[in-house]
1. Does LEU94 meet the test of being open to solvent by 30 Å² or more (accessible area, probe 1.4 Å) and free of Cβ contacts under 8 Å to residues at least 12 places away in the same chain?
2. Please state which one of ARG79, ARG66 is over 22 Å from ALA41 (Cβ atoms) and open to solvent by 50 Å² or more (accessible area, probe 1.4 Å).
3. Counting only residues that are open to solvent by 10 Å² or more (accessible area, probe 1.4 Å) and assigned to a helix (DSSP H, G or I), which one in region 109-138 is nearest to THR22 (Cα to Cα)?
4. Report whether or not ILE167 is open to solvent by less than 10 Å² (accessible area, probe 1.4 Å) and over 19 Å from LEU51 (Cβ atoms).
5. Can you tell which of LEU144, LEU103 is buried (at least 21 other Cβ atoms within 10 Å of the Cβ), not small (Gly, Ala, Ser) and not in a helix (DSSP H, G or I)?
6. If I filter region 43-50 for residues that are out of contact with any Gly (no Cβ under 8 Å at 6 or more places or on another chain) and either outside any strand (DSSP E or B) or without any contact (Cβ under 8 Å) to a residue 12 or more places away in the chain (or both), do I get at least one hit?
Amino acid sequence: YSEAADYVVALTYPSAYTLSCTGSIVKTQASGTLTTAYAAASNVRDFACTLTTGTQSAQESYEGVRIFSHALSQGSADRGAQLAKKALATLTPLIGEYPYETLTVAQVNMYYAGMEAPNLLMVQRELYLPGRELELELTIAHELIHQWFYGVVGNDEVNAPWLDEAITSYLSLVYFE
């Protein structure tokens with residue numbers, strides 16, 4: 001439904017922030033209190049980014065996919081990266097090869113549990129609290145499935161969101177099975 005495009009984006013932001021975005025950050029330059037990051041993404045439907053302060057980072061990989069996680073504590077960053085890797089390992093054999101080179105999980109302030117953008121899973125910060133581990137895992141798996149269903153198999157997310165949400169919700173249950 002929505003067309004895919006290639007993006008090359010330069011983002012300048014205060015150096016105290018951590019950038020999470022669609023695609024890969026191919027270069028960064030610091031100048032005084034500002035950082036400029038150059039990001040590139042190929043064949044994606046949208047470009048999104050988040051800026052957060054006070055974050056810790058973790059990295060994992062799965063079959064050549066680089067996984068980045070940014071969260072408010074090191075334990076949360078580690079957990080986000082590990083859950084993303086687990087979800088990739090579970091879902092890839094069921095759905096097909098992950099369509100991108102990178103995957104970033106970002107803990108953010110938001111009303112909803114999560115939101116997807118190509119290569120980027122935005123997860124509500126409260127889901128990292130103790131006692132919400134199952135919700136966190138479900139949200140990461142659900143938003144990851146959107147990388148295929150909306151990301152690869154595009155549909156009208158505004159007027160017919162049930163198309164990608166239905167298959168994504170079903171596959172979220174299959175993930176836990």
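1. Here the answer is no, as LEU94 does not meet what is asked.
2. Checking each option against the conditions leaves just ARG79.
3. Across region 109-138, the extreme among qualifying residues is ARG125.
4. It is false that ILE167 is open to solvent by less than 10 Å² (accessible area, probe 1.4 Å) and over 19 Å from LEU51 (Cβ atoms).
5. Every option except LEU103 fails the conditions.
6. Yes; the residues of region 43-50 include at least one that is out of contact with any Gly (no Cβ under 8 Å at 6 or more places or on another chain) and either outside any strand (DSSP E or B) or without any contact (Cβ under 8 Å) to a residue 12 or more places away in the chain (or both).
Residue by residue, here is whether (1) over 30 Å from ASN155 (Cα atoms); (2) touching a helix residue (DSSP H, G or I) at 6+ places or on another chain (Cβ under 7 Å); (3) surrounded by fewer than 18 Cβ atoms within 10 Å (Cβ to Cβ) holds:
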site: ASN43; (1), (2), (3): no, no, yes
site: THR53; (1), (2), (3): yes, no, yes
site: SER57; (1), (2), (3): yes, yes, yes
site: SER61; (1), (2), (3): no, no, yes
site: HIS70; (1), (2), (3): no, yes, no
site: SER73; (1), (2), (3): yes, no, yes
site: LEU83; (1), (2), (3): no, yes, no
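Every residue, every condition in (1) open to solvent by 90 Å² or more (accessible area, probe 1.4 Å); (2) more than 24 Å from VAL108 (Cα to Cα); (3) part of a strand (DSSP E or B); (4) touching a Gly at 6+ places or on another chain (Cβ under 7 Å), yes or no:
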| position | (1), (2), (3), (4) |
| --- | --- |
| ALA10 | no, no, yes, no |
| TYR13 | no, no, yes, no |
| THR18 | no, no, yes, no |
| VAL26 | yes, no, yes, no |
| THR36 | no, no, yes, no |
| ALA39 | no, no, yes, yes |
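The values are calculated or read from the model by the stated rules, or taken from the named source; none is laboratory data. Owing to the predicted nature of the structure, the values given are computational and were not obtained by experimental measurement. In this analysis, Cβ positions are derived from the backbone assuming ideal geometry, glycine residues included, and neighbour counts consider all displayed protein chains. Protein only, heavy atoms only, side chains kept; ligands, DNA and RNA dropped before computing areas. Shrake-Rupley method; radii C 1.70, N 1.55, O 1.52, S 1.80 Å.
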